[in-house]
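Have a look at the structure below before the remarks.
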Amino acid sequence: MTKQGSNVFYLFSSNSKKRRVSVLFYLKPCRVLSFFILLSLVSGCVSHSSVDELLPRKPLVLPASHRALFNTQTIPVPSVDSLSSLTSEQRTELNDFIRRKEIEKLSPRKQVFEFISSKMQHFNYEGRNYIASEALRTQSGNCMSLALLTYAVANILNVETTFQVIHSSPLLTDIKDDLVVSSDHVRVFLSDSAYKGHYLSGGNYTVIDYFPDVNDRAGAIVSEQEFLAMFYRNLAADALLEGDLSRSFAMLERGVLLAPKYSPVINMMAILHRRAGDYDTSRDFYKYGLEIADSQVVLLSNYRQLLRQVDDKKELNSVEAQLLALNDSTPYEWYGLGLDALKSADYKKAQVYLKKFLNNTPYFHRAYYDLAKAQFALGDIRSAQESLHQALELAKLPDNLQKYKAKLQWLSQQNH
């Protein structure tokens, strides 16, 4: 076992009243890009029994993308089938593995686990988005690569899979321009038969989570199509961070075809059109996304950025008000909004957004430091001191301790 951090690859089963946990090995956390360019609308008020509610609603129509903006003719896009396919040699290796005496007697879902764990003992986490066969060949990749590999093996052995998004504490050291890198990953549920009712109800199942953390938050269950769309979104995100809009569009277009009501790919499609200069199409995608999204913080934040660029002050004010009033069960987007408000010297909004974030994520010491900056700018020295004290208690690295102590000492002098 090689320890590379506090995150653990683990499995647990529900076939008894007591959950059995088997710790296998440690890997670094996985990043899934969550884009916040800051954004728009959606009415925060609900009018009950209004005339509008009695009228038939227009069916939602996916906006048409502006393909002519992107040169995609020569860009290779991996097919959907290729994402989770293994080579003939790899399939032979899998078959040989499950014929072993100690493996053959296991249920198919446990065979999946044993095969994956045997290959991952020396897995090299590179943060790369590899398809299943490439991840197995190189024994490297990121959490999505590992999830794809698990999915590929499960398909071959006729094991049912269900996917759940897990929201981890934000990795915000990679804020580049208007893009924020967050650290969501995917948890895979394996079962020997199809799930009945709730995905955790009854029967035997195995959960494979490559990067669990005590501060993780369980997110939504995603469909197979949405899971595959997430991988295309990751490929598109890689290209976007490199400034290659055409390659990003080519990858994302495949994701939208797979899951046209999966709001993260719609959000990113809006981002691409905004960056390519087509503000009208970008707005169409944001409005469509806001109609289908369960969580609207990221979409609203990014839509706000578009409204700033087109100088639509009326709708921008509406979006700002909605964001300030909105509460969201996945709080990590609030941190990016808080940083944006700090950068704009809008300290009141920064304080609101950072407090929203910390109400749900009280362990993230850097946010207390940023909150202290907003509070000091507003003249609230006592609150700034309290926030810095909290940052000190949570900080683990020596450089953080040194910085926070220095700032706290300086604030103490200002308060006398």
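Of the residues that make up the stretch 364-387, is at least one in contact with a His (Cβ under 6 Å, 6 or more places away or on another chain) and at pLDDT 85 or above? No - not one qualifying residue is present in the stretch 364-387. Screening the stretch 55-117 for helices (runs of 4 or more DSSP H) wholly inside it with 3 or more residues that are more than 13 Å from Glu253 (Cβ to Cβ) and under 28 Å from the mean Cα position of the chain (by Cα) returns the ranges 80-83.
Restricting the stretch 327-374 to residues that are acidic (Asp, Glu) and over 19 Å from the mean Cα position of the chain (by Cα), which is farthest from Ser301 (Cα to Cα)? Ranking the candidates gives Asp370 first.
Just to check your reading of the model, which residue among Arg109, Arg99, Arg91 is under 24 Å from Ala218 (Cβ atoms), at pLDDT 90 or above and not assigned by the TED database to the domain that holds Phe357? Outline the logic, then answer.
On the way: Arg99 fails: under 24 Å from Ala218 (Cβ atoms); Arg91 fails: under 24 Å from Ala218 (Cβ atoms).
Among Arg109, Arg99, Arg91, only Arg109 is under 24 Å from Ala218 (Cβ atoms), at pLDDT 90 or above and not assigned by the TED database to the domain that holds Phe357.
Please indicate, with yes or no, whether at least one residue in the stretch 196-207 is over 18 Å from Asp294 (Cβ atoms), at pLDDT 95 or above and surrounded by fewer than 24 Cβ atoms within 10 Å (Cβ to Cβ). Show your work before the answer.
Filtering the stretch 196-207 for residues over 18 Å from Asp294 (Cβ atoms) gives 196-197, 200-207.
Checking which are at pLDDT 95 or above leaves us with none.
Checking the stretch 196-207: not a single residue is over 18 Å from Asp294 (Cβ atoms), at pLDDT 95 or above and surrounded by fewer than 24 Cβ atoms within 10 Å (Cβ to Cβ).
For the stretch 123-143, does any single residue satisfy the condition of being within 27 Å of the chain's Cα centre (by Cα), crowded, with 18+ Cβ neighbours inside 10 Å and closer than 22 Å to Ser193 by Cα? No, the conditions are met nowhere in the stretch 123-143. Restricting the first member to the stretch 71-95 and to residues that are touching a residue at least 40 places away in the same chain (Cβ under 8 Å), and the second to residues that are of a type in the set (Asp, Glu) and in a helix (DSSP H, G or I), the beta-carbon pairs closer than 9 Å and six or more apart or on different chains are Thr72/Glu253; Val77/Glu253; Leu86/Glu93.
Considering each residue of the stretch 155-171 in turn, at least one proves to be in a helix (DSSP H, G or I) and modelled with pLDDT of 90 or more.
Which of the residues spanning the stretch 224-235 are surrounded by fewer than 17 Cβ atoms within 10 Å (Cβ to Cβ) and either part of a strand (DSSP E or B) or in contact (Cβ under 8 Å) with a residue 60 or more places away in the chain (or both)? I'd like the intermediate steps shown before the answer.
Kept after step one, since they are surrounded by fewer than 17 Cβ atoms within 10 Å (Cβ to Cβ), are these residues of the stretch 224-235: 224-225.
Scanning the stretch 224-235 gives a single hit, Glu224.
The values are calculated or read from the model by the stated rules, or taken from the named source; none is laboratory data. Just so it is clear, the model here is predicted, and its values are computed rather than measured. When we count neighbours, we look across all protein chains shown, and the Cβ atoms used for this are built from the backbone with ideal geometry, even at glycine.
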